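One structure is given below, encoded as structure tokens.
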Amino acid sequence: MPRVSFEHIVKSYGGLNVLDDLNLSVEHGEFLVLLGPSGCGKTTLLNLLAGLTDVTDGRIMIGDRDVTDLDPKDRGLAMVFQSYALYPTKSVRGNLKFGLSAAKLPREEVARRVDWAAKLLQIEPLMDRRPSQLSGGQRQRVAIGRALVKHADVLLFDEPLSNLDAKLRTEMRLEIMRLHDELNPTVVYVTHDQIEAMTMATRIAVMNGGVIQQFGTPDEVYERPANLFVAGFIGAPAMNLRQGRIAKADGGVAGVFDTGERIALDDYAFARAPQEGAPIVIGLRPEHFGAPNAPLDGAAGRFELPLQHTERTGSDATGYLHWGDGLLSHRVEPGDAARLRPGDTISVAFPRGKANLFDAASGERL
Amino acid sequence: MTQLDVTEAAAGATVIRGRARARRRRGLTGRSIAVLVFLTMCALFFCVPLYVVLTTSLKTMEEIRQGQIFALPETWTFEAWNFAWNEACSGITCEGLKVGFWNSVRILVPSLILSISLAMVTGYALALWEVRWAGTFLFLLFLCAFVPLQIIMFPLIAITRTMGVYGTIMGVAVVHSVMAMPVLTLIFRNFYKDIPREIMNAAIMDSGSFWKIFVEIILPMSGNILIVVLILQITNVWNDYLVGVTFGGFNTQPMTVNLANMVTVSTGTATYNVDMAAALLTAIPPLVIYFMVGKFFVAGITAGAIKG
């Protein structure tokens, strides 16, 4: 069973540790997304798995094989690259065939696999064209095909959709998910696009500065971010994160923002008992807010602030309110957004049990 | 011809005067006239001697003795060309330039194959594979590219003699290849360095074989640089005199040496028409190659479209 695991991985470039004692493992058939900003080490990690760069220390296992010192071609992997990396002088068929050249398969088997991949990806009419005669989406299909013909148990994707336009990206996203459902390989997928991560992954590893910040299902990562970095990174528009303090009163726990607003925290599942006056960061997702100027049953807190502007993104709209020296973003129905005027004072309520709390000093979830 | 171009350009300027004012004004500035005059002079600088060489080679000796070197021949004759190719004496052999021509070809072919194939594979390895001490090696190559042949001439003679190729065609070819290696390797290395890293990574994951990747992926992408190197190397080898005269034996001297022996005759009168014809014959092959290959070069650029 190809279970991919990284054990105590260290990677250093000239004395600088890019990855330091990193551990991560993913089960067979899972779709693991390595998500993080540029330079967080996610591509380095993928290249280590692919064998394109050598680990400084540690062990990489695929199934029960130690592949740390194996050549890339012997690791039983296939990879799709960001720039597609098709061989420019070969036809589409030639590209797919070359992908099998390490396998030393009989001729009929090669032809059978190439036809299978062509059919699966609907690139049959393109088989005799050169990469330069294909559109971006077609090239991406060929690149995926070249990886699929190998029948590898583990598929690696290095930001495969970032060169495509928005519409194609959505299409290819569905396509890759369909392929994963059909063929069920183990996938390791690197991206900086959180929408890709949220939609495709069965598990997300959020990385920053060479460290895995959180490893969990998309829901876990979104609903219960492990620390301030994850909270700020996942979600668009981003979570509202504000400094505040714990205040205990009348047997209940509340958070008091530095700007004065209060929010009830009775329903929050504290990992440790909160201490009076402890500095915290409170995170409020924009989409949890109630409609503007409307009552909300059992609201944990209410904010009355002047509107700066509204922003419409097709099916959604976001209102931005002046809040101290920053902004408070909250989701609005697009129909309502048109009625709101900048400068008006808006009242929005936040429901109970939805807030995220972090230790102000360590940034860890409370 | 160049003057014709100038008048044509002037005529063109008149034609477009009506519709493109800005362009017309630019076309008439003193600066552009100065450029045209300068270019015309440059062209004349090369064209006039060439004209004299060409017409002289087509004249008879009687006509040449009249001393009008700019006049067109009264009777056009290829007698001198025929004589230069088939009968002219170089040293003690009188079989014309054709001996030197074939020697040059026999030097050219192995030296091209040897130098280009070696430089190509070395450049490929240095650019796309992790080679230990690659940086040091490149620096040494770079230094070697600046060492003049004259400095290492004597040791090179000793080395080729030990190898048993001194005074043979292979000897000349080997020396040419060795001398060309630094520059050619650097050229190939710089060209391959621009091949996207991801293509190489994909190939490594697909095949992992040094030679398979080279033959199937890298070589087909090298068309343009091959043409450039071919032109460079053919011109170099064909026009060389020093290596040929030093390392070639008596009967294995290249065309340039043959020509020099023929022209620097110490007895009898100088047969200018034969000399000119011989000089032209020696100069023609690289030109022909240049025009032939240059055409492929242009075709390669338009059809290639490497970048995705």
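For the residues B:Ile116, B:Ile151, B:Ile199, the requirement of being open to solvent by less than 60 Å² (accessible area, probe 1.4 Å), in a helix (DSSP H, G or I) and out of contact with any Pro (no Cβ under 9 Å at 6 or more places or on another chain) singles out B:Ile116.
The rows are residues; the columns are (1) surrounded by fewer than 22 Cβ atoms within 10 Å (Cβ to Cβ); (2) among the hydroxyl-bearing types (Ser, Thr, Tyr); (3) in the same structural domain as A:Leu328 (by TED's automatic domain parsing).
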| residue | (1), (2), (3) |
| --- | --- |
| A:Met198 | yes, no, no |
| A:Thr202 | yes, yes, no |
| A:Ala205 | no, no, no |
| A:Asn208 | yes, no, no |
| A:Phe215 | yes, no, no |
| A:Glu220 | yes, no, no |
| A:Ala226 | yes, no, no |
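Exactly one residue among A:Leu48, A:Leu96, A:Leu52 is in a loop (DSSP other than H, G, I, E, B) and either facing chain B (nearest Cβ under 7 Å) or of a type in the set (A, V, I, L, M) (or both), and that residue is A:Leu52.
Just checking, how many residues over segment B:234-269 are surrounded by 17 or more Cβ atoms within 10 Å (Cβ to Cβ) and in a helix (DSSP H, G or I)?
Filtering segment B:234-269 down to residues surrounded by 17 or more Cβ atoms within 10 Å (Cβ to Cβ) leaves B:234, B:236-238, B:240, B:243-244, B:246-248, B:252-263.
Applying the additional criterion that residues be in a helix (DSSP H, G or I) yields B:234, B:236-238, B:243-244, B:246-247, B:255-263.
The qualifying residues number 17.
The condition of being small (Gly, Ala, Ser) and either surrounded by fewer than 19 Cβ atoms within 10 Å (Cβ to Cβ) or within 14 Å of chain B (Cβ to nearest Cβ) (or both) holds for A:Ala103.
Looking only at segment B:270-279, residues that are in a helix (DSSP H, G or I), among the aliphatic types (A, V, I, L, M) and either open to solvent by 20 Å² or more (accessible area, probe 1.4 Å) or not assigned by TED's automatic domain parsing to the domain that holds B:Gly171 (or both) come to 2 in all. For segment B:184-212, the tally of residues that are free of Cβ contacts under 8 Å to residues at least 40 places away in the same chain and either more than 13 Å from chain A (Cβ to nearest Cβ) or not charged (D, E, K, R) (or both) stands at 11.
Please work out if A:Tyr87 is surrounded by 19 or more Cβ atoms within 10 Å (Cβ to Cβ), in the same structural domain as A:Ala111 (by TED's automatic domain parsing) and among the aromatic types (Phe, Trp, Tyr). It is true that A:Tyr87 is surrounded by 19 or more Cβ atoms within 10 Å (Cβ to Cβ), in the same structural domain as A:Ala111 (by TED's automatic domain parsing) and among the aromatic types (Phe, Trp, Tyr).
Residues in segment A:252-263: is at least one open to solvent by less than 70 Å² (accessible area, probe 1.4 Å) and of a type in the set (S, T, N, Q)? Yes, some residue in segment A:252-263 is open to solvent by less than 70 Å² (accessible area, probe 1.4 Å) and of a type in the set (S, T, N, Q).
Among the listed residues A:Leu86, A:Leu70, identify the single one that is of a type outside the set (Lys, Arg), assigned to a loop (DSSP other than H, G, I, E, B), at the interface with chain B (Cβ under 9 Å from one of its Cβ atoms) and in contact with a Gly (Cβ under 8 Å, 6 or more places away or on another chain).
Criteria check complete, one pass: A:Leu86.
Residues of segment B:202-233 that are open to solvent by 10 Å² or more (accessible area, probe 1.4 Å) and outside any helix (DSSP H, G or I): B:Gly208, B:Ser209.
Let me confirm something: among A:Leu77, A:Leu86, which residue is over 19 Å from A:Gly137 (Cα atoms) and of a type in the set (A, V, I, L, M)? Spell out the reasoning first.
Details: A:Leu86 fails: over 19 Å from A:Gly137 (Cα atoms).
After ruling out the rest, the residue left standing is A:Leu77.
If you take the residues in segment B:280-295 that are in contact (Cβ under 8 Å) with a residue 40 or more places away in the chain and under 16 Å from B:Leu230 (Cα atoms), which one is most open to solvent (accessible area, probe 1.4 Å)? Lay out the reasoning, then the answer.
Filtering segment B:280-295 down to residues in contact (Cβ under 8 Å) with a residue 40 or more places away in the chain leaves B:280-282, B:285-286, B:289-290, B:293-294.
When the remaining residues are screened for being under 16 Å from B:Leu230 (Cα atoms), the result is B:285-286, B:289-290, B:293-294.
Working: B:Pro285: 23, B:Pro286: 19, B:Ile289: 49, B:Tyr290: 119, B:Val293: 20, B:Gly294: 20 Å².
Looking at residues that are in contact (Cβ under 8 Å) with a residue 40 or more places away in the chain and under 16 Å from B:Leu230 (Cα atoms), I get B:Tyr290.
When segment A:119-150 is filtered for residues that are more than 14 Å from chain B (Cβ to nearest Cβ) and open to solvent by 30 Å² or more (accessible area, probe 1.4 Å), the ones remaining, listed by number, are A:Lys119, A:Gln122, A:Glu124, A:Pro125, A:Asp128.
Evaluated against (1) surrounded by fewer than 19 Cβ atoms within 10 Å (Cβ to Cβ); (2) away from chain B (no Cβ under 14 Å); (3) assigned to a loop (DSSP other than H, G, I, E, B), A:Cys40 falls short on exactly one condition, (1).
The rows are residues; the columns are (1) charged (D, E, K, R); (2) open to solvent by 60 Å² or more (accessible area, probe 1.4 Å); (3) in the same structural domain as B:Asn201 (by TED's automatic domain parsing).
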position: B:Ala71; (1), (2), (3): no, no, no
position: B:Trp81; (1), (2), (3): no, no, no
position: B:Trp102; (1), (2), (3): no, yes, yes
position: B:Arg106; (1), (2), (3): yes, yes, yes
position: B:Leu141; (1), (2), (3): no, no, yes
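Restrict the check to segment A:177-187 and report whether at least one residue is more than 22 Å from the chain's Cα centre (by Cα), surrounded by 23 or more Cβ atoms within 10 Å (Cβ to Cβ) and either within 14 Å of chain B (Cβ to nearest Cβ) or among the hydroxyl-bearing types (Ser, Thr, Tyr) (or both). No, segment A:177-187 has no match at all.
The values are calculated or read from the model by the stated rules, or taken from the named source; none is laboratory data. Computed from a prediction, not measured in an experiment: that's the story for all the values here. When we count neighbours, we look across all protein chains shown, and the Cβ atoms used for this are built from the backbone with ideal geometry, even at glycine. Please note that ligands, DNA and RNA were not included when accessible areas were found on the heavy atoms of the full protein model with its side chains. Shrake-Rupley method; radii C 1.70, N 1.55, O 1.52, S 1.80 Å.
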